[in-house]
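**Q** Have a look at the structure that comes next, please.
The values are calculated or read from the model by the stated rules, or taken from the named source; none is laboratory data. All figures in this text were calculated on a predicted structure; none of them were measured in a lab. Heads up, the Cβs are rebuilt from the backbone with ideal geometry, glycines too, and the neighbour counts pull from every protein chain shown. Surface accessibility is based on the protein's heavy atoms, side chains included, excluding ligands, DNA and RNA. Shrake-Rupley method; radii C 1.70, N 1.55, O 1.52, S 1.80 Å.
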Amino acid sequence: MADLEAVLADVSYLMAMEKSKSTPAARASKKIVLPDASVYSVMHKYLNERDEVTFDHIFNQRLGFLLFQEYCEQLCDEPVPQIKFYEAIKEYERLQSFDDRLVRAREIFDTYIMKELLSCSHSFTLNAIEHVRKLLAVGEVPVALFEPYDKEIKDSLRGRIFSKFLKSEKYVRYLQWKNLELNIHLTMNDFSVHRIIGRGGFGEVYGCRKADTGKMYALKSLDKKRIKMKQGETLSLNERIMLSLVDCPFIVCMTYAFHTPDKLCFILDLMNGGDLHYHLTQHGVFDEKSVLFYASEVILGLEHMHNRFICYRDLKPANILLDESGHVRISDLGLACDFSKKRPHACVGTHGYMAPEVLQKSVAYDSSADWFSLGCMLYKLLRGHSPFRQQKTKDKHEIDKLTLTMDVKFPDEFSDVMKSLLGGLLQRNVPKRLGCQGKGSLEVKGHEYFKALEWKQVELLKLTPPLIPPRGEVNAADAFDIGSFDEDDVKGVKLTEEDQSLYKNFNYMNSERWQYEIAETVFDVVNQETEKLEAKKRGKQYMSILDINAQNGDCLLHGFLHKLGGPFQSVWTKKYFFLYPNRLEYRGEQAVSIFNSQKILLPLEDIRFVDEINYKNFRCIKIVLKDNRETLVLRAESETEFTEWFKEICKSYEEAQVQIKAGAKILKSNSSKTLMSYNSREEVESNHSQSTHSITAIIP
């Protein structure tokens, strides 16, 4: 029965893998629905306040660029040929072979430069033309060949064209996507979990599929009770921090992180080709040519971490994972640490791979430890065991003793250049170790062993992997061999509010990675479905959000809010609100129909105070009116909308109060002046009357 369950788990996992490569409609089991276009006003103000409504900010985001490109090609009232020129340049920069670049460079020069020059429509500088022409004349095609044009194209787009984009429906769509992005709150319901593919000290790793895009990920699920039992809170939170600092094709990176009452969940790149330890046991040791490939990709992963002052501290074959093409990434940053402010001195890692300075607990170290571990790992790939595991001993004290004292001797079958590389990496004296003499990874990359290697090719994943994992296989240990935790271990462990508060800032989403996930999967489909819904609204005589905005020029904010009402204040009704400097207006849900003009006005001077309350797990705006009249309770669809509405209503209310008080002072002042004037006039008239009587008395 157990064997049957293992087979079913494998089949489920492999089917999910295949489904993730299918069409968007088939791969997603949960639809993405964009928020209503009415978020335009709120989102524009929200992003503008954060200086994010700029050409560079929008153009350099994946979804922003795609929508700006669509505007230029479909909606702009003037030709924008430079957008295609820009795309051609980016396509050229991705080419690797010299011949391909030469052919494409000449095509671009003929199509976008010479053709426009001949028609007198070329709008770029002479310096840019000469830069490209001179290099092409001598057959040079560097990656940065068109760099001057790159800058000038952006400069030509950032002015008038970008201003028009900001008044278009494509910008409204961009704001809808940004609203969705800023309000993502993931739970386990957003993923379908499949086969277990690994297990660690605090939890398991599963293959999983994201429901709304169909993209496959690895779910690393850590048990909070097990973490508490082993006092691993600091390690778990440290891993979350370290993963948020890296984004590299040679490291297993994190796209999302969230937590449930029981689990910490990391959503990571899925590497379904197994690890190097697994393949070492399956296929035996590797030759030096194969090791060159793995060493080069691992070095780039270490370089990325070291440039960010991260020491990895756990380099070994079991932590080097293969993707389905055979390229490798460093995984599991649980023991990684930041050495930018203080160098670590803790003895952590795997025995047989730890550097001597790590074993000497009182000695501080930095990235030096990783270069020693790299030497140990390469030795194992070539020989099947660590250089300090003689006769496959498992005695940790003996392994550590050998690490601290033994000079490694290399087998005769190792080439001289390999002996030189390993000798440099396994140097016990840190200042003499390769990679620790002042130039870091450049020293290692510059070693003779890598002499024939083009590092640019390595960076772009252009080298041919020596081992391509079998397709249609899981490439991991059997689910029952991996095993599971004994739940009785944590039976008496209770999670308190204080325990849960440790994880209040645990949630994470990488914006760039999310946007690329959307762009590669369901972006076009979701946009098409949204356009159909908006076309139906236009057919029902609904005004476009841009028309509403244009007709309410002095409006500070507008959009849908939910108002609490009905019997016993228990029903939420959707209303369209307008906030002006002196009043708050709202209309029915059909307010955006051109036939509906009914509105309710609430002068800001009638408000007694504005507050934030929590009503049935909703953050709400409470507006209390003077003279114990109606109290308005409002909520928004998203956290971003609530934040902006609450801030703007409070700000407008406070400004209105200042004006009312100022007005009262003016009225009081004018009243005093009027009274004084009246008293003075009475006194003058009285004096005048007395004088007249006196004169009358004198004249006979």
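**Q** Any chance you could count how many residues in the stretch 357-367 are among the hydroxyl-bearing types (Ser, Thr, Tyr) and farther than 23 Å from residue 276 by Cβ?
**A** Going through the stretch 357-367 one residue at a time, the tally reaches 2.
**Q** If you don't mind, there's one more thing I want to ask. Name the helices (runs of 4 or more DSSP H) wholly within the stretch 1-93 that hold at least 2 residues that are modelled with pLDDT of 95 or more and of a type in the set (A, V, I, L, M)?
**A** 40-49, 62-70
**Q** Right, another one. For the stretch 505-587, please list each of the strands (runs of 3 or more DSSP E) lying entirely inside it that holds at least 2 residues being of a type in the set (Phe, Trp, Tyr).
**A** Fully inside the stretch 505-587 and qualifying: 571-579.
**Q** Continuing with this model, one more query. Scan the helices (runs of 4 or more DSSP H) fully inside the stretch 242-361 and keep the ones with 1 or more residues being in contact (Cβ under 8 Å) with a residue 40 or more places away in the chain and over 22 Å from residue 458 (Cα atoms).
**A** Details: elements: 276-283, 288-307, 356-359.
Filter on the stretch 242-361 gives 276-283, 356-359.
**Q** I'm trying to understand the selection: among the residues of the stretch 540-579, which are open to solvent by less than 60 Å² (accessible area, probe 1.4 Å) and at pLDDT below 90?
**A** 542, 543, 544, 545, 546, 548, 549, 552, 565, 566, listed by residue number.
**Q** While we're looking at this one, here's another question. Taking the condition of being under 19 Å from residue 276 (Cα atoms) and either among the small types (Gly, Ala, Ser) or within 29 Å of the chain's Cα centre (by Cα) (or both), how many residues in the stretch 336-356 meet it?
**A** Of the residues in that region, 2 qualify.
**Q** Name every residue in the stretch 495-539 that is without any contact (Cβ under 8 Å) to a residue 12 or more places away in the chain, open to solvent by less than 90 Å² (accessible area, probe 1.4 Å) and assigned by the TED database to the domain that holds residue 211, in order of residue number.
**A** 496, 501 - these are the residues of the stretch 495-539 that are without any contact (Cβ under 8 Å) to a residue 12 or more places away in the chain, open to solvent by less than 90 Å² (accessible area, probe 1.4 Å) and assigned by the TED database to the domain that holds residue 211.
**Q** When the residues of the stretch 584-630 are narrowed to those that are hydroxyl-bearing (Ser, Thr, Tyr) and modelled with pLDDT of 90 or more, which ends up most open to solvent (accessible area, probe 1.4 Å)?
**A** By that ranking, first place goes to 615.
**Q** Next question. Could you please find all residues in the stretch 325-343 being at positive phi and not small (Gly, Ala, Ser)?
**A** Of everything in the stretch 325-343, just one residue is at positive phi and not small (Gly, Ala, Ser), namely 332.
**Q** Output the residue which, of all residues in the stretch 457-484 that are at pLDDT below 70 and of a type in the set (D, E, K, R), is surrounded by the fewest Cβ atoms within 10 Å (Cβ to Cβ).
**A** Among those that are at pLDDT below 70 and of a type in the set (D, E, K, R), it is 481.
**Q** Here's another thing I want to ask about it. How many residues are at pLDDT below 95 and under 24 Å from the mean Cα position of the chain (by Cα) if we restrict to the stretch 485-503?
**A** Matching residues across the stretch 485-503 total 0.
**Q** Starting from residues that are within 44 Å of the chain's Cα centre (by Cα) and open to solvent by 80 Å² or more (accessible area, probe 1.4 Å), keep the ones in the stretch 393-426 and report whichever is modelled with the lowest pLDDT.
**A** For the stretch 393-426, the residue satisfying everything is 394.
**Q** I've got another one for you. Which of the following residues is open to solvent by 10 Å² or more (accessible area, probe 1.4 Å) and within 22 Å of the chain's Cα centre (by Cα): 229, 254, 271, 305?
**A** 271
**Q** Contact list please: Cβ distance under 8 Å, first residue in the stretch 62-79 and touching a residue at least 12 places away in the same chain (Cβ under 8 Å), second residue part of a helix (DSSP H, G or I) and among the polar types (S, T, N, Q), pairs at least six apart or on different chains.
**A** Note: pairs meeting the criteria are 62/515; 63/515.
**Q** Then there is this: For a quick check of your reading of the model, give me the residue pairs whose first member lies in the stretch 395-410 and is within 12 Å of residue 359 (Cα to Cα), whose second is surrounded by 11 or more Cβ atoms within 10 Å (Cβ to Cβ) and of a type in the set (A, V, I, L, M), with beta-carbon atoms closer than 7 Å and at least 6 apart or on different chains.
**A** From the stretch 395-410, the pairs are 400/359; 403/354; 403/359; 404/359.
**Q** Restricting to the stretch 153-182, and then to whatever is assigned to a loop (DSSP other than H, G, I, E, B) and in contact (Cβ under 8 Å) with a residue 40 or more places away in the chain, can you tell me which residue is surrounded by the fewest Cβ atoms within 10 Å (Cβ to Cβ)?
**A** The extreme case among them is 167.
**Q** Now for a different question. Residues of the stretch 362-400 being part of a helix (DSSP H, G or I), touching a strand residue (DSSP E or B) at 6+ places or on another chain (Cβ under 8 Å) and among the acidic types (Asp, Glu), which ones?
**A** Just the residues of the stretch 362-400 that are part of a helix (DSSP H, G or I), to begin with: 368-383, 390-392, 396-400.
Now restrict to residues that are touching a strand residue (DSSP E or B) at 6+ places or on another chain (Cβ under 8 Å): 369-370, 377.
Once the filter is applied, which keeps residues that are part of a helix (DSSP H, G or I), touching a strand residue (DSSP E or B) at 6+ places or on another chain (Cβ under 8 Å) and among the acidic types (Asp, Glu), the stretch 362-400 yields only 370.
**Q** Kindly check whether there is at least one residue in the stretch 96-103 that is closer than 30 Å to residue 139 by Cα, among the acidic types (Asp, Glu), without any contact (Cβ under 8 Å) to a residue 24 or more places away in the chain and loosely packed, with under 12 Cβ neighbours inside 10 Å.
**A** There is at least one residue in the stretch 96-103 that is closer than 30 Å to residue 139 by Cα, among the acidic types (Asp, Glu), without any contact (Cβ under 8 Å) to a residue 24 or more places away in the chain and loosely packed, with under 12 Cβ neighbours inside 10 Å.
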